[in-house]
Structures are given as C-alpha cells and as structure tokens.
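Peer 1: This is the structure I want to talk about, given as structure tokens.
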Amino acid sequence: MLRRLLLLALAATAASALAASPASAETLKYRYGPIDVAPGQNTIEFKPNSLKPDRPGFITGFRPNLTYMNGKVPGVDVVHLHHGVWIVDNYPTYAAGEEKTNIELPRGYGYRYDRDQVWVMNYMIHNLTPTPTKVYLTYELDFVPASSPRAARIKDVDTIWMDVRYGNVYPVFDALRADGTDGTYTYPDDDPDAYADGFKRNQWTIDRDGALVYTAGHLHPGGLHTDLTLTRDGRTVNLFRSKAKYFEPAGAVSWDVAMTNTPPDWRVDVRKGDVLRVSGTYDVSKASWYESMAIMPVAFAPGDTTGIDPFSDRLNRRGVLNHGHLPENDNHGGGPAGLPDPRRLRAGAPIAAGAGDGEVTIDGFLYARGDLSNPMAAGRPPVVPQGGSITFRNLDDAREVWHTITACKAPCNKRTGIAYPLADGEVDFDSGELGTGPLPRAAATAQRTTWQTPKDLSPGTYTYFCRVHPFMRGAFRVVPR
C-alpha cells in the first residue's frame, strides 16, 4: 500500500512538473558579460551578442534579469537594468525594464529563430552608487527546436514595437504635476506638442492581415497603465490596458511593481490598414516624473485567422499579473539617515553676483556648497538674492558621470530607497542629466554640463537631489533682495 501511494505521489509530481513547464520546451540559460559597471554609470550601450541557440527553432518565452558575479540579484535601488533590448536583424524584438516583465507567448505561437540572425544587445545599466561593480545580464529562453514534432504546430509571430517615442534611442518624456488633469497625465494625449514634427511616433499601420496574440506594458515609477487601441474605418476600440500593480506601500512611486499582460486566450483579428496606437498614463498627484517611458511590444501572427473581432465583447481584456513582489525591491527608504534639516542650518556664504550669477560645482558625487552630507561650513545652504540664480556645473562629466538637480520636498534628508526621495518639491525644477559625450552612449544627457536655478523662486530654503544618484542631497536658500 505504501509503495502504491509513493508511486502515485511520484506520478502526480511528474505530471505537475510537466504541466508547469512550457509544454516540453527546452529552457536555455545565458549570461551576457561580465559587464564592468563604473561608479554612477547610466550609459546606453550597443554591443554584439552571440549568446543564442545553436540550432533553428522557436522562442516561446523570455525571462531577463541582472545578477552579480555570484549569481545574487542586486537591489534595484543599488544597480539595475534600466532597460535591455535584444535587437534581432536591426529590429527590437525582446525587451525588459526595471519592472522585469517576462514574455510568455500563448501555446502554439513562437518567434522563429535562425542561426544566421544578427543579435545586438542594447542595454542601459544604472548604478545608483559611487561604487564600481561587475554584473551579468542574464536571460532564459523557452525554446522549441525546429526538429521537434511540436515545432510543426507553432505559428510564427513578429514583434510590433509600440512606443510613444518610437525612433528615439532614449524614448522618454516628462510627466509633470503642473501638466496633469485630476492627478493623472497621459502621453501623448496631454501634450499638444508631443509630435510637433508631424510624425505620430505612437502609431503603427498593420501591413498584413493576421492576429495579435500577446502584449504587456513598460512604465517607469509613477506609471499607472499603458493602453493599446485599434482604429478601423473611423472606429476606435481599446484592445488592452496593461496595468501597473504596485506592491509599494506608498503607492505608485517606486520600482516595486509588476505589469499585467494579456490572458492566454487574447486574440485580436487585425486587417491590413488597421492603425494601432499606444499611450501611457502616470500618477502626477504625488510627484513629477522625469524621463518617463510608455512602451508596449506586441506579438503579431501574420496570416493567423483565429483572432476575435476587436469591436466584439467576446475579446478577453482581463489582464494577468506578470509576477509577484520581488525581494530586490525591499528597500523602500524614508527612514532616518542622519542628515541635517537644511531649513534649520545657518545660512552659507552668499553666491557671488556677476556674469554667471555664481556657481556650485559637482565633483566626486558631492555638491561643493550646500551638500547635506558635509558637516562643515560648506554644507550650509548657499544664499542667493531673490531674482538671482545659481549655476550648477558638473565636473564629473569628465568621468562620464552625470547628475541632476531635482526639487524634492524639504527636508529631503531621509534614507535612500526605491520610494525616496521623490521629485515632490514645493515647486518643480529639474536640470536634466548634466553631461555630454558621444551619442548614442550619452543619449540620456542634456548635452550640457551647466544649469541655472529658476530666477522666479520666492524666498525660502529649497532642497534637491540627484535622480541618477539619489543619495546625493543638497540645499540652497533664496532671501529677499
């Protein structure tokens, strides 16, 4: 009896494992690197990638990540994959961002893989600290070899890259509190100048009949959802809303998030001439969000006739959560950090008036004046008369380290984490990433090293942080003239 129960248990375990696997697809694991990550790194890189299957077949699943040399996943508040794009034959095909969305195509579909495909890695690894490190960019592929009997039943899919800033190496936009409506901001809808050149970057015209079979959105902190719509003969319908599920206790303010993807039975009948459109919506009630993204790659099966009429109520639009809370998102920040309250500090020396209105340099991840980590006199907030301004100059640009001066709510002196600090100052100001360098490597930068504070600030103490390296905090003071 015991032997029979044991055999039944083993059979059940084997059946469960088989059901949990992608229907006997092979799982191929790759480690790209090691990659040397410089202090404060935030560069965009394009590198050849030879890590791919050694025989033809179909890729049905894709799971990317970032690890240290020992295999441990770094905290997202320390170093993370800002974005990674696997470019296949000059077209973005697979991708991941901070939210670490996995691709799981519905059964019976796959990306056709041939050994002569040219793969290029486009990655942006963000080191939020002044400490160098080494990492691997890892990814797992669910792979069905062309020689497998299952391969004969797989339908080819291609990627339609839906991006609100399609065509830009660094496709970002700003979502500011001042521009929102009822606490939300949708791009491009809420920006009348989004496509001033007339090129509707968020649209794609279908060139063949077929079916859409999968999609999921990519957003930055603050993002609420991406929307994919279809327009045919003057009628427009929402095909899918990929929602951001925040595990973050403070709400939509951090990377502790997962997106929803389409359910397994989501099939959309599309016809040549149909127009797809994508948009992204952000919560701007708590803070402004700079350098935001809204991307929604779509898997398209040309010639597939199993799609459902997009204007029909039969289309299943219920999203499936891509993953749960990730332990690398556990450091939320906001606790005591031992930094002073700059509003209570004695005033620093006045900023000298003149052609440049005075200057504060940034060198070695420190603000020369008003740095809250400096207990000496230089750490006191420098003073500028009302109507004047301070010029910040990034000397770290010589080391390809780029910084921002971004308003945060005073005292802005708590512990750094994925949810602190925020761009939530009493007034909004932001310098952009001060830095230069060859494009596209330095595409995230403002292509300048200086920035001036606004001249219309009222008297008071203003606190700021660096969005690229949030542990950097500073303050300055405006006094009546």
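Peer 1: Go through 380, 415, 477, 481 for me and flag whichever is more than 23 Å from residue 292 (Cβ to Cβ) and at pLDDT below 95. Even if it seems obvious, please write down each step before you answer.
Peer 2: Details: 380 fails: at pLDDT below 95; 415 fails: at pLDDT below 95; 477 fails: at pLDDT below 95.
Only one candidate passes the filter, namely 481.
Peer 1: Need pairs with beta-carbon distance below 7 Å; first residue farther than 20 Å from residue 228 by Cβ and within region 312-333, second among the polar types (S, T, N, Q) and assigned to a loop (DSSP other than H, G, I, E, B); sequence gap 6+ or separate chains.
Peer 2: The qualifying pairs are 323/102; 332/254; 333/416.
Peer 1: Go through region 272-313 and give me each residue that's part of a strand (DSSP E or B) and of a type in the set (Gly, Ala, Ser).
Peer 2: Step one: list which residues in region 272-313 are part of a strand (DSSP E or B), which gives 275-283, 289-292, 294-295, 298-302, 308.
If the condition is that a residue be part of a strand (DSSP E or B) and of a type in the set (Gly, Ala, Ser), then 279, 280, 292, 294, 299, 301 are the ones that fit.
Peer 1: If you scan region 279-324, which residues turn out to be more than 30 Å from residue 156 (Cβ to Cβ) and in contact with a strand residue (DSSP E or B) (Cβ under 8 Å, 6 or more places away or on another chain)?
Peer 2: As a first pass, look at region 279-324 and keep what is more than 30 Å from residue 156 (Cβ to Cβ): 281-292, 324.
The answer is 281, 282, 283, 284, 285, 288, 289, 290, 291, 292, 324.
Peer 1: Quick one: which strands (runs of 3 or more DSSP E) sit completely within region 195-267 and have at least 1 residues that are surrounded by 21 or more Cβ atoms within 10 Å (Cβ to Cβ), small (Gly, Ala, Ser) and over 20 Å from the mean Cα position of the chain (by Cα)?
Peer 2: Counting at least 1 such residues, we get 210-215.
Peer 1: Further question on the same structure: Going residue by residue through region 107-116, is there one that turns out to be out of contact with any Gly (no Cβ under 7 Å at 6 or more places or on another chain), farther than 17 Å from residue 161 by Cβ, among the acidic types (Asp, Glu) and surrounded by fewer than 20 Cβ atoms within 10 Å (Cβ to Cβ)?
Peer 2: Within region 107-116, one or more residues are out of contact with any Gly (no Cβ under 7 Å at 6 or more places or on another chain), farther than 17 Å from residue 161 by Cβ, among the acidic types (Asp, Glu) and surrounded by fewer than 20 Cβ atoms within 10 Å (Cβ to Cβ).
Peer 1: If I ask for residues that are outside any loop (DSSP other than H, G, I, E, B) and surrounded by 18 or more Cβ atoms within 10 Å (Cβ to Cβ), which ones from region 39-59 would you list?
Peer 2: 44, 57, 58, 59
Peer 1: Can you tell me how many residues within region 362-389 are within 18 Å of residue 346 (Cβ to Cβ) and not basic (Lys, Arg)?
Peer 2: Filtering region 362-389 for residues within 18 Å of residue 346 (Cβ to Cβ) gives 367-385.
From what's left, not basic (Lys, Arg): 367-368, 370-379, 381-385.
Summing the residues that are within 18 Å of residue 346 (Cβ to Cβ) and not basic (Lys, Arg) in region 362-389 gives 17.
Peer 1: Can I ask one more? Can you confirm whether region 287-304 contains a residue that is modelled with pLDDT under 95 and at negative phi?
Peer 2: Quick first cut of region 287-304, residues modelled with pLDDT under 95 only: none.
The answer is no; no qualifying residue exists.
Peer 1: Quick check on region 298-305. Is at least one of its residues farther than 29 Å from residue 173 by Cβ and of a type in the set (Ser, Thr, Tyr)?
Peer 2: Yes: region 298-305 contains one or more residues that are farther than 29 Å from residue 173 by Cβ and of a type in the set (Ser, Thr, Tyr).
Peer 1: Does region 122-137 hold any residues that are surrounded by 19 or more Cβ atoms within 10 Å (Cβ to Cβ) and either at pLDDT below 95 or assigned to a strand (DSSP E or B) (or both), and which are they?
Peer 2: 123, 124, 125, 126, 127, 133, 135, 137
Peer 1: Assess whether residue 443 counts as being surrounded by 19 or more Cβ atoms within 10 Å (Cβ to Cβ) and either at pLDDT 95 or above or not assigned by TED's automatic domain parsing to the domain that holds residue 287 (or both). Please lay out each step first, then the result.
Peer 2: Details: surrounded by 19 or more Cβ atoms within 10 Å (Cβ to Cβ): no; either at pLDDT 95 or above or not assigned by TED's automatic domain parsing to the domain that holds residue 287 (or both): yes.
No: the conditions fail for residue 443.
Peer 1: Which of the residues belonging to region 369-402 are in a strand (DSSP E or B) and either without any contact (Cβ under 8 Å) to a residue 24 or more places away in the chain or within 29 Å of residue 444 (Cβ to Cβ) (or both)? Give the steps one after another, and end with the answer.
Peer 2: Here is the first cut: in region 369-402, the residues in a strand (DSSP E or B) are 371, 383-385, 391-394.
Matches in region 369-402: 371, 384, 391, 392, 393, 394.
Peer 1: A further question on this structure: Give region 149-170 a look and list any residue that's under 14 Å from the mean Cα position of the chain (by Cα), crowded, with 20+ Cβ neighbours inside 10 Å and assigned to a loop (DSSP other than H, G, I, E, B), or say none. Before you say what the answer is, go through the steps one by one.
Peer 2: Residues of region 149-170 under 14 Å from the mean Cα position of the chain (by Cα): 163-165, 169-170.
If we keep only those that are crowded, with 20+ Cβ neighbours inside 10 Å as well, we get 163-165.
The answer is 164, 165.
Conditions tested, residue by residue: (1) part of a strand (DSSP E or B); (2) touching a residue at least 60 places away in the same chain (Cβ under 8 Å); (3) in the same structural domain as residue 59 (by TED's automatic domain parsing).
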residue: 77; (1), (2), (3): no, yes, yes
residue: 81; (1), (2), (3): yes, no, yes
residue: 86; (1), (2), (3): yes, no, yes
residue: 94; (1), (2), (3): yes, yes, yes
residue: 101; (1), (2), (3): no, yes, yes
residue: 107; (1), (2), (3): no, yes, yes
residue: 112; (1), (2), (3): yes, no, yes
residue: 115; (1), (2), (3): no, yes, yes
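The values are calculated or read from the model by the stated rules, or taken from the named source; none is laboratory data. Predicted model only: the values in this text are computed from it and were never measured. Glycine also receives a Cβ, built like all others from the backbone with ideal geometry; neighbour counts cover every protein chain displayed.
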